[in-house]
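The values are calculated or read from the model by the stated rules, or taken from the named source; none is laboratory data. Note that the structure is predicted; figures quoted are calculated from it, not measured. All Cβ positions, even for glycine, are placed from backbone atoms using ideal geometry, and neighbour counts span all protein chains on display.
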Amino acid sequence: MLPRLILIACFAATPLLAETEDADPGGILNPSELTWESMLERAEQGETGMVICSTGYAITKKGEHDAARRLFENCARDGYTGTMTWMSQLDNNGLGGSYDPDAAAEWDRKAAELGDPVGKFNYGLDLMRGHGVARDESLGRKYVDDAARDGLEIAKRLQRADYDLDEVTPDADNWKYAPLF
C-alpha cells in the first residue's frame with residue numbers, strides 16, 4: 001500500500017472527471033472533493049490543511065504555477081514549511097511570477113526559523129553563496145550543520161565534502177538565469 005500522502009497526490013493529479021451516480025448505493029464515482037480544482041477552490045477561500053497543501057505539488061508538476069503559487073502562499077502563511085520550500089523554488093526559477101532570489105531566500109529563512117531541515121539547508125546554501133541574501137559563509141555553515149544534526153543526508157554530505165558547494169549543486173554558481181517559460 002502506498003503511503004497516504006502519495007495516494008492523495010495521485011488522486012489530486014487525476015483529471016477532473018464528471019461526478020457520476022454509481023448503481024451501487026455506496027456513493028459517487030470520482031467525487032469532486034478529490035480533484036486538484038476543488039483543493040484550489042478551497043485554498044482560494046483561505047482553507048489550508050495537509051491534504052490541500054500537498055496538492056500544490058501536483059499542481060506545480062502539472063505546470064499550473066500561478067495556481068500552485070496561490071495555494072502555497074496560503075499554506076505558507078499558516079506555517080506549512082514544505083510549502084515555503086516550494087515558494088522558494090518557484091521564486092528562484094521565475095515560475096508563476098518573476099525570478100526573485102531575494103524572495104526565494106526569504107522563504108528559505110522562514111522555513112529554517114520554523115525548524116524545517118530542508119529550509120535550514122537551503123538557507124545555509126543561500127548564505128554561503130550570497131544568493132538573495134548577503135553572503136555569510138560562517139552563518140551558512142551553521143544552518144547546514146543544524147540541518148545535518150536534524151538528519152538531512154544532503155547536509156551531511158556537504159559537511160563531509162568540507163562545504164564544497166559543487167558537491168551538492170555542481171556549477172550552480174555558473175548558471176545564468178533564463179526563464180523556463
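Worth a mention:
- Of all residues in the range 71-83 being assigned to a loop (DSSP other than H, G, I, E, B) and not aromatic (Phe, Trp, Tyr), the one that is nearest to GLY115 (Cα to Cα): GLY79
- Residues within the range 132-145 that are in a loop (DSSP other than H, G, I, E, B), at negative phi and surrounded by 19 or more Cβ atoms within 10 Å (Cβ to Cβ), tallied: 1
- Of all the listed residues (TYR123, TYR163), the sole one being surrounded by 23 or more Cβ atoms within 10 Å (Cβ to Cβ), of a type outside the set (D, E, K, R) and either not in a helix (DSSP H, G or I) or not assigned by TED's automatic domain parsing to the domain that holds GLU37 (or both) is TYR123.
- If the condition is being without any contact (Cβ under 8 Å) to a residue 60 or more places away in the chain and either crowded, with 24+ Cβ neighbours inside 10 Å or within 14 Å of the chain's Cα centre (by Cα) (or both), then the range 82-102 contributes GLY82, THR83, MET84, THR85, TRP86, MET87, SER88, GLN89, LEU90, ASP91, ASN92, GLY96.
- Candidate set from the range 148-171 (those that are closer than 11 Å to LEU125 by Cα and under 22 Å from the mean Cα position of the chain (by Cα)); member that is modelled with the lowest pLDDT: THR169
- Of ALA111, ALA68, ALA105, ALA58, all but one fail to be part of a helix (DSSP H, G or I), buried (at least 19 other Cβ atoms within 10 Å of the Cβ) and touching a residue at least 40 places away in the same chain (Cβ under 8 Å); the exception is ALA58.
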